[in-house]
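K.L.:
After the C-alpha cells below, expect a handful of questions from me.
The values are calculated or read from the model by the stated rules, or taken from the named source; none is laboratory data. Computed from a predicted model, the values in this text were never measured in an experiment. Glycine gets a Cβ as well: all are built from the backbone with ideal geometry, and neighbour counts include every protein chain shown. Ligands, DNA and RNA are excluded from the accessible area calculation, which covers all protein heavy atoms including side chains. Shrake-Rupley method; radii C 1.70, N 1.55, O 1.52, S 1.80 Å.
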Amino acid sequence: MASTGTYALVAATAAAALTGGTLYATWGGADDIFADCRTGSGPGLADALGGPFTLVDGTGATVTDADLIDRPSLLYFGFTNCPDVCPTDNARNADVTDIVQAEGHAFQPVFITVDPGRDTPEVMQQYAEWMHPDMIGLSGSTAQVKAAADAFRVYFRLHDTEDEFYLVDHSAFSYLVLPGHGTVAYFRHEATSDEIAEQSICFIETSATN
C-alpha cells in the first residue's frame with residue numbers, strides 16, 4: 001500500500017462497499033449451520049462473496065475456482081511489491097495454515113495478485129513458496145485478475161505504471177472458502193492468526209458434520 005493513511009481510506013471504502021445495498025445481513029436464521037462460527041467475520045456478507053474465476057498457477061497451467069477449492073482455503077488479494085500490508089497478511093495466513101493443519105485439517109493459503117503486469121505466474125509461485133510450502137500463488141491476464149477480484153468485491157487501483165516502483169492501492173481482506181459452501185467468512189487486516197484459525201476450524205468442523 002502507498003501509506004497507512006491510504007490503507008485506512010481503502011479499507012473504509014471497501015468495508016462500505018461490502019455493507020451496502022441488499023447484501024447487508026444476508027446470513028442468519030435457523031437454517032444457518034454456521035451460526036455458531038460467525039463471530040467477528042462481518043455483518044452477514046461472506047456468502048455473497050466469491051464466484052467462478054479462471055487464473056494461472058506457477059506452472060503456467062490454467063486453474064479455475066473448481067480446481068483450486070478442493071479443500072478449505074484462505075484467499076488473499078495483493079501484490080508482491082507491496083511494502084507492508086501484503087507480507088504481513090500473507091505471513092499471518094501462513095501461521096493460520098500451520099495452526100489449522102496441526103489440528104488435522106486439510107487447509108491451504110492462496111495469494112492472488114492484483115498486479116499481473118509485474119507478478120507473473122513464476123513470480124507468484126516463488127513468493128508463495130517463500131511464505132509457506134502449501135501456499136498457492138496465482139496470476140493471469142488483466143481481465144482474469146479483475147474478474148476474480150470483482151467476484152470477491154476486492155478494490156484495487158494501480159498507480160503510475162510508468163514508474164518502475166509503482167504501488168497498488170487495494171483492500172486487505174482474507175476470505176475463507178470451503179468446498180461445497182463457497183465463501184463462509186472474511187477477515188480484516190487487524191485479525192490475528194489465532195482468531196482466524198479458531199474461526200476457520202469451527203467452520204471446517206461444522207461443515208464436516210452437515
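K.L.:
Leaving out ligands, DNA and RNA, what percent of the accessible area of the stretch 148-210 is carbon and sulfur, probe 1.4 Å?
P.N.:
Answer for the stretch 148-210 is 47 percent, counting heavy atoms of protein chains only.
K.L.:
Between Glu198 and Ala61, how many nm apart are label points set 7 Å from Cα along the C-beta direction?
P.N.:
That separation, rounded to one decimal, is 3.8 nm.
K.L.:
With only alpha-carbon atoms in the gyration tensor, what are the semi-axes of the equivalent ellipsoid for the stretch 58-147, in Å, largest first?
P.N.:
Working: eigenvalues 87, 49, 21 Å².
After diagonalising the Cα gyration tensor, the semi-axes are 21, 16, 10 Å.
K.L.:
Something else about it: Which chymotrypsin sites (Phe, Trp or Tyr not before Pro) in the stretch 122-172 pass both tests, a DSSP loop state and at most 13 other beta-carbon atoms within 10 Å?
P.N.:
Values: sites: Tyr127, Trp130, Phe152, Tyr155, Phe156, Phe165, Tyr166; in loops: Phe152, Tyr155, Phe165, Tyr166.
Sparse-neighbourhood loop chymotrypsin sites (Phe, Trp or Tyr not before Pro): Phe165.
K.L.:
What's the center-to-center distance, using Cα atoms, between the stretch 67-105 and the stretch 137-160 in Å?
P.N.:
17
K.L.:
Something else: Sequence-distant or interchain residues sharing an amide H contact under 5 Å with Phe77, placed H: which?
P.N.:
Placed amide hydrogens put Ile112, Phe173 under 5 Å from Phe77.
K.L.:
Return the distance in nm (one decimal) between the two label points of a simple spin-label model at Asp70 and Ala102, each offset 7 Å from Cα along Cα→Cβ.
P.N.:
It works out to 2.7 nm between the two label points.
K.L.:
Where the only charges are on Cβ atoms (+1 Lys, Arg; -1 Asp, Glu), what is the dipole of the stretch 102-171 about its Cα centre, to the nearest 20 debye?
P.N.:
Values: 4 positive and 12 negative charges, 63 e Å.
Result for the stretch 102-171 is approximately 300 debye, rounded to the nearest 20.
K.L.:
Separate question: For Tyr186, what residues show an amide H to amide H distance below 5 Å, using hydrogens built from the backbone and excluding near sequence neighbours?
P.N.:
Leu176
K.L.:
Another question about this same structure. Compactness ratio of the stretch 102-160: Cα Rg over 2.2 N^0.38 Å, N = residue count?
P.N.:
Numbers: Rg = 13.0 Å, N = 59, 2.2 N^0.38 = 10.4 Å.
That works out to 1.25 for the stretch 102-160.
K.L.:
How large is the convex hull of the C-alpha atoms of the stretch 58-210 per residue, in Å³? Before the final figure, lay out the partial values.
P.N.:
Numbers: hull volume 15.6 nm³, N = 153.
It is 102 Å³ per residue.
K.L.:
Using 0.36 nm per residue of separation minus the Cα-Cα distance, give me the extension gain between Thr88 and Ser141 in nm, one decimal. Numbers along the way, then the final one.
P.N.:
Details: separation 53, 0.36 × 53 = 19.08 nm, distance 2.56 nm.
My answer for the length gained is 16.5 nm.
K.L.:
Now for a different question. Considering the dipole of the stretch 126-194 built from charges on the beta carbon (Lys and Arg +1, Asp and Glu -1) around the Cα centre, which of Phe187, Trp130, Ser141 is farthest to its positive end?
P.N.:
Highest projection toward the positive end goes to Phe187.
K.L.:
Report the calculated FRET efficiency for Asp163 and Glu129 (r = Cβ-Cβ distance, R0 = 35 Å), to the nearest 0.05. Could the numbers behind the result be given before it?
P.N.:
Values: r = 28 Å, r/R0 = 0.80.
FRET efficiency, Asp163 to Glu129: 0.80.
K.L.:
Between Ile136 and residues 5 or more places away or on another chain, which pairs have amide H atoms under 5 Å apart, with H built 1.01 Å from N, and which residues are they?
P.N.:
So Ile136 has HN proximity to Val110, Phe111.
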